[in-house]
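Everything below concerns the one structure shown next.
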Amino acid sequence: MTYLDIKEKYKDVRIIAVSKYTTDEKIIALHKLGQIEFGENKVQDLARKKAELSETIKWHFIGNLQKNKVNHLIKAKPIMWQSCVSFEMAKYVDTRLDYELPTLLEINVANEDSKAGINPSKAIEEYLAIKQDCKFVKPVGVMCIGAMSDELSEIIKSFELCYKIFDELKKDGANICSMGMSSDYEIAIKSGANMIRLGSVLFN
Ligand SMILES: *Cc1c(COP(=O)(O)O)cnc(C)c1O
């Protein structure tokens, strides 16, 4: 499916175009087609593209955040930090922020060592701690990367676990469930995602 097909088919799902592997020209072309929100996984790339490309693009940070990059990220002013992995990291960012930053708690739903994110069993407690304790980091939902598996049932299980945590957090204000990438976004949407992060399917 093309970008416009996906947009048309899933009108209620917020699409984040992940531009980490593409060219500036392709970002601009997609922006001209109407895509506003883009995601980057490296602080320096986000900062450069935000400064150099269209001012009407809104940037999400979706990558692993190192402490020595926090000030740089804050200066770049993303509209969302999707990849907060712990209360500890949220606090670290919070003490340096001077504006409200909508944030998602990243959950390691399949408990894979290769992936970042909080253990599902700790997610609710830490989410509530962030909500209670942080002044500028504003938790608005959860994010996950689906299980890396050839078994459809394993992928579904991982998305359903993330959705279940999201569902429990709704009463505490969570309204974004960011899950699904190029290879599994249709499964993610069936499992309840209302935000998907698409890279290769949009830019190849
Ligand atoms: C790269 C990336 C994506 C997009 O991956 P594709 O498979 O190219 O769609 C989505 N989410 C995160 C966190 C990523 O790092």
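The values are calculated or read from the model by the stated rules, or taken from the named source; none is laboratory data. All values derive from a computational prediction rather than experimental measurement. Please note: Cβ atoms are built from the backbone with ideal geometry, for glycine as well, and neighbour counts cover all protein chains shown. For the accessible areas, the whole protein counts, side chains as well, though only heavy atoms, and no ligand, DNA or RNA atoms are used. Shrake-Rupley method; radii C 1.70, N 1.55, O 1.52, S 1.80 Å.
Structure above, values below:
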| item | result |
| --- | --- |
| Pairwise centroid distance, computed over Cα atoms, of region 142-161 with region 10-33, Å | 24 Å |
| Two-site FRET efficiency, residue 28 against residue 121, from Cβ-Cβ distance with R₀ of 45 Å, rounded to 0.05 | 0.55 |
| Protein accessible area in the chain, 1.4 Å probe - carbon and sulfur % | 50 percent |
| q = 0.30 Å⁻¹: log10 I(q)/I(0) that the Debye formula gives for region 106-146, counting C-alpha atoms only | -1.02 |
| Per residue solvent-accessible surface (Å²) - the chain, probe of 1.4 Å | 50 Å² |
| Max mean-square fluctuation residue, GNM over the chain, Cα-Cα springs under 10 Å, options 137, 18, 70 | 70 |
| Gyration tensor (alpha-carbon) shape descriptor, the chain, a/c threshold 1.5 | oblate |
| Low-density loop cleavage sites - GluC sites (Glu not before Pro) in region 135-204, where at most 15 other Cβ are within 10 Å (DSSP) | 151 |
| Point-to-point label distance, residue 20-residue 77, nm (Cα→Cβ direction, 7 Å offset) | 2.5 nm |
| Spin-label proximity, residue 200 to region 159-183 - amide N less than 13 Å from point 7 Å beyond Cα toward beta carbon | 181-183 |
| Residue 113-residue 9 pseudo-label distance in nm [points 7 Å out on the Cα-to-Cβ vector] | 3.7 nm |
| Low-density loop cleavage sites - trypsin sites (Lys or Arg not before Pro) in region 79-168, where at most 15 other Cβ are within 10 Å (DSSP) | 96, 135 |
| Hull volume in cubic angstrom per residue (convex hull over the Cα atoms of region 35-155) | 119 Å³ |
| The chain, relative contact order [Cα under 8 Å, separation at least 6], % | 19 percent |
| Convex hull (Cα only) mean projected area of region 96-204, reported in nm² to one decimal | 7.7 nm² |
| The chain: DSSP helices with Cα axial extent of at least 15 Å and average Kyte-Doolittle hydropathy no lower than -0.5 | 152-169 |
| Shape of region 115-172, Cα gyration tensor, a/c cut at 1.5 | prolate |
